[in-house]
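Have a look at the structure below, then the notes.
Any read-out appearing in this document is the output of simple, stated calculations on the displayed coordinates, not a laboratory observation. Being a predicted model, the structure only gives us computed values, none of them experimental. When we count neighbours, we look across all protein chains shown, and the Cβ atoms used for this are built from the backbone with ideal geometry, even at glycine.
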Amino acid sequence: MKLAPLGFVVRRVRNNLWELPWTHVLTAATMATTLFVFGAFMLLQENLQNLLKAWGEQIQVNAYLDKSLDAADVQRLLARVRTFPEVEGVRHISQEQAWRDFQAALGAQSGVLEGLPQDVLPASFEIKIRENFRDGPMIEDFVNRLKREKGIALVEYPQEWVDRLSLVVLAVQWVKWIFGGALFLATFFIVESTVKLALLARRDEIEIMQLVGASEAMIQAPFGLHFNGCAMKFQPSVFWVRSANFTSSTRAISP
Amino acid sequence: MIQLFHVFKTYPPNSQALNDITLEIDKGEFVFLTGPSGAGKTTLLKLLFREEEPTNGQILLNGQNINRLNRRGVARLRRQIGLVFQEFKLLPRLTALENVALAAEVVGTSKNGSHTKAYHLLRELGLKEKYTAKPLTLSGGEQQRVAIARAVVNDPMLLLADEPTGNLDAEIADETMRMFLKIRERGTTIIIASHNLELIKRYGTRIISLRHGFVADDLQKVVRHEGMH
């Protein structure tokens with residue numbers, strides 16, 4: 001666009017704001033509120049997803065080993081467990097480590113353990129599950145296969161917790177699509193109607209601009225700038241909310 | 001300059017506004033389109049500035065088929081055409097000067113350039129004192145003069161006026177007609193749709209009568225305009 005039309009467009013935007021301030025304020029407020037609500041919902045669901053993901057990361061399967069296994073057998077079994085597709089990581093807890101951990105967990109009351117043999121606790125594998133497999137039936141299937149492995153005496157995992165988490169994840173997914181979809185449609189129609197009403201208020205101006213031979217760019221540019229201006233007004237608040245992402249604080253809340 | 005070949009215009013579902021119109025209008029002609037309401041005068045003007053497209057037929061403006069123009073082409077076409085309407089179509093929020101300058105600015109004239117042109121035109125049309133006035137504070141005749149100034153600010157090759165004196169009293173209507181004649185002296189072709197027989201008789205050099213969408217009569221005459229010189 002040449003300089004003269006550019007100056008014309010800028011002057012039209014300025015005059016539009018000056019001549020119809022309430023239309024502008026209402027347009028900006030409606031668009032800001034609508035888009036803010038939608039943005040806030042998206043933020044909320046994203047944080048909720050992150051919270052569930054953080055909880056999901058706490059899911060751990062404990063596989064207790066036969067006491068008869070020697071160090072080489074444990075290494076072989078460790079390598080074997082690592083080949084399961086569900087496994088993200090495995091930590092081997094030796095009998096000695098288990099004893100130390102238990103003592104540390106008891107803290108000041110660890111004296112009650114005095115007199116007990118230090119190999120009373122079995123060695124184990126703490127297995128972290130990949131994100132895609134943190135679902136009740138999938139974990140159950142994995143646990144069943146793990147139980148059939150030679151050298152594994154017992155497998156435990158928080159089945160009830162996993163089942164509840166799976167349900168919550170499913171519910172969040174549904175709410176996200178249904179409520180988010182409805183909200184998106186509402187936002188779309190409200191913004192569309194607001195833009196149409198604002199254009200309607202300028203119908204005479206648009207008609208005259210067309211009649212005197214203004215190009216489409218010259219007619220549309222002031223309105224484009226105007227609505228972008230409206231949309232930009234609420235962006236700082238969204239960025240503020242975005243930066244206040246509470247994921248990190250919710251990560252601390254784990255089962 | 002303007003050629004219409006077998007032009008038809010039908011509005012849905014089956015309203016025939018124009019029927020087989022074939023016309024030729026030369027550069028610099030001063031043409032009245034007349035006829036009763038619904039004869040097709042306004043439709044014909046709308047076809048000429050591409051507000052509407054003909055259902056059938058061709059319209060050539062300086063040899064260019066205006067039916068084939070895209071949106072950009074239509075905008076370019078309208079920059080060469082001045083339009084005057086019965087209801088003036090001025091923007092109430094702008095001053096008289098800004099209304100006129102608007103048409104100059106959309107063709108790329110700078111703000112200063114367009115305001116200077118608009119000011120000279122308004123002065124020429126006797127609105128020197130009113131250039132900062134908003135349209136609603138002006139009389140009908142003054143508003144029409146502002147509209148005429150806007151129509152001619154870009155020196156159009158063609159000026160189309162749809163019932164330009166419809167809202168004006170006889171004296172102001174007469175004055176408006178004299179303005180059109182003055183504009184014609186610059187070489188602008190002028191087509192006025194009107195059913196004001198008094199004015200047509202006094203000023204018409206070519207009178208095209210429409211009836212039910214047909215050209216009923218195409219009369220050319222030599223007239224002397226009182227008070228012209």
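So the values come out like this:
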read-out	value
Calculated [θ] (222 nm, deg cm²/dmol) that DSSP helices of n ≥ 4 give over chain A, each run adding -39,500 (n - 2.57)	-23500 deg cm²/dmol
Nearby lysines by direct alpha-carbon distance to residue A:128 (threshold 25 angstrom, same-chain neighbours under 8 apart not counted)	A:53, A:67, A:147, A:150
Exercise: per-residue mean of other protein chain Cβ atoms within 10 Å, B:69-75	3
Computed P(r) (all Cα pairs; the stretch B:91-155; 10 Å bins; percent)	27, 60, 13, 0
Per-residue Cβ neighbour rank within 10 angstrom, fewest leading, A:192, B:98, A:46	A:192, A:46, B:98
Which listed pairs, of B:111/B:201; B:41/B:128; B:41/B:111; B:27/B:130; A:176/A:196, have C-alpha distances above 31 Å, in listed order	B:111/B:201; B:41/B:128; B:41/B:111; B:27/B:130
Estimated FRET transfer efficiency (residue B:133, residue B:37; beta-carbon r; R0 41 Å; 0.05)	0.80
Nearest-20 debye value, chain B charge dipole, Cβ charges on Lys, Arg, Asp, Glu	720 debye
The stretch B:128-174, Cα convex hull volume normalised per residue, Å³	93 Å³
Relative contact order, percent, chain B [alpha-carbon distance under 8 Å, six or more residues apart]	29 percent
P(r), alpha carbons of the protein assembly as shown - 20 Å bins starting at zero, rounded %	18, 31, 17, 15, 13, 6, 0
Ranking of A:25, A:191 by count of other Cβ atoms within 10 Å, fewest first	A:25, A:191
Viscosity 1.002 mPa s, temperature 20 °C, Stokes-Einstein D of chain A from Kirkwood C-alpha radius, µm²/s	89 µm²/s
Size of charge dipole - the stretch B:109-201 - debye, nearest 20, with Cβ of Lys, Arg +1 and Asp, Glu -1, no other charges	500 debye
Theoretical FRET efficiency, 1/(1+(r/R0)^6), r = Cβ-Cβ of residue A:113 and residue A:76, R0 35 Å, to 0.05	0.65
Bins of 10 Å, starting at 0 and running to the largest distance - Cα pair percent for the stretch A:60-157	15, 45, 27, 12, 1
Assigned charges on the beta-carbon of Lys, Arg, Asp, Glu; the protein assembly as shown dipole about Cα centre (debye)	1620 debye
Base-10 log of normalised Debye intensity for the stretch B:1-136 (one unit scatterer per alpha-carbon) at q = 0.09 Å⁻¹	-0.36
Sorted by Cβ neighbour density within 10 Å, fewest at the top, the residues B:177, B:157	B:157, B:177
